[in-house]
1. Straight-line reach from residue 69: which aspartates and glutamates fall under 15 Å, measuring Cα to Cα and dropping same-chain residues less than 8 apart?
2. Under 16 Å Cα to Cα from residue 239, which lysines show up? Leave out anything in the same chain fewer than 8 places away.
3. Accessible area per residue of segment 276-381 at 1.4 Å probe, in Å²?
4. If the cut-off is 22 Å between C-alpha atoms, which lysines fall inside it for residue 284, apart from same-chain ones fewer than 8 positions away?
5. Quick one: pull the percent of accessible area on the chain belonging to carbon and sulfur, 1.4 Å probe, ligands and nucleic acids left out.
6. Residue farthest toward the positive end of the dipole of the chain, with Cβ of Lys/Arg at +1 and Asp/Glu at -1: which of 169, 240, 342?
7. Restricting to Cα atoms and excluding each atom paired with itself, what does the Kirkwood estimate give for segment 14-57 in Å?
8. Go through 351, 371, 304 and say which Cα lies farthest out towards the positive end of the charge dipole of segment 268-381; charges sit on Cβ, +1 for Lys and Arg, -1 for Asp and Glu.
Amino acid sequence: MASYLQLGHESWNLLEEPDIGDYSGLVLSPVNDGPDDVANRLERLGELRDDLEVILDPQMYNPAFEKGKMDEWAYFSADFATADQSDVNWWVQRGHEIVEQGAQLAVDAVCSPAFVPRLYSDAYYSLMVDVADQTKDHADGRGLETLLTAIVSLRDLNNPARALSIASILSRSSCDRIYLTFLNEDVPPREPLWDEAGLPTAVHLVRLLSQSMRVHVAFASHDLVMWKFAGATDISTGKYMNLRRFSPGRWKEEEPGGRQVAYWNEGPLLARLREADVAKLNRKGWFDERNFDSNPAGGRILEIIRSGVKAPWLKLSWMQYLRWASNMEARWHGNSASAERSLVRSDGNWGEIEDVLFQDRFNDGSHVREWLNAVREGSRR
């Protein structure tokens, strides 16, 4: 089991914070950091580097939309926008270049290149498997592991049969690790995953893949409870993941106007709350019996809010969320019953505060009941 820190804008310093929890590795973000920046940052980690598995995710999902620093990476070719993305040879060449760049940086593993397609067909997944297998052939010779990248649309999973067909194709890969990302096009990135028909199939898919592969669910947030229930070995998340899921433009880190907002991670509700909402719960006595020994950043944030002093706590909010994710990944690993019980408790917790109206209208607990239905329905298939 392992939690991985999914790097984003200015995330490196968090690795030196003990209060973020137990992270076994990190996933590089070429959109945010050029190769020279990465090399310098890895060197500055010193002895800590030896304890981390470093994974290079090339992030070639849709760089024409938000390239960031992608142009600095050798594998990002100038013809990306005009290339025939159905050409396996073009992708295989990118895979080889990704491996070479990974070897130069002395990473431990690379993710195979993948893109967001117009149609999530069997042919698309077969192409991704072919690319991953040939990437692996090259990576093996360089002493690197390879993760098969698979982007799965929840909208496509509205058909329950898709779990079996997609798993059948992906499990043919010679890669024994898979880097799985769920794309939820129909819900704004700041809101919880929500797809009444797609989520049970997603749970089923993770369960099927976990029978033969080491499943790593990327860009996870509170929804990691479903993936650990389903048997995922690893998850990766980042300081902004409690606000943004995977989307082609997820690297835009700031709210309109450039303002970054601190959010409180309320684990018992599987939600993130604005400061005024935390103050409401505090006045209600919600935190009176709460012990913050397992997540010190939470206690420090609550002290600030209770003091009434307008002190910044943005970095503390990142640390609080990351510690929660690490703690819960370990608690739920290999224990689907514990994950399901947490969902049941969270649903009950929302019932205790049904008279509280939060600033974000979507914060009403309905997502928890949706996730509980998803794990129960998905596990019966």
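The values are calculated or read from the model by the stated rules, or taken from the named source; none is laboratory data. From a predicted model like this one, the values you see are computed outputs, not experimental measurements. No Cβ is skipped: glycine too gets one built from the backbone with ideal geometry, and neighbour counts run over all protein chains shown. Calculation scope for accessible area: heavy atoms of the full protein, side chains included, ligands and nucleic acids excluded. Shrake-Rupley method; radii C 1.70, N 1.55, O 1.52, S 1.80 Å.
1. Filter leaves 10, 33, 36, 37, 57, 253.
2. Answer for residue 239, where 16 Å is the Cα cut-off: 252, 315, listed by chain and number.
3. For segment 276-381, the per-residue accessible area is 52 Å².
4. 310
5. Answer for the chain: carbon and sulfur cover 45 percent of the accessible area.
6. Value computed over the given set: 342.
7. Across segment 14-57, the inverse of the average 1/r is 11.2 Å.
8. Positive-end residue among those listed: 304.
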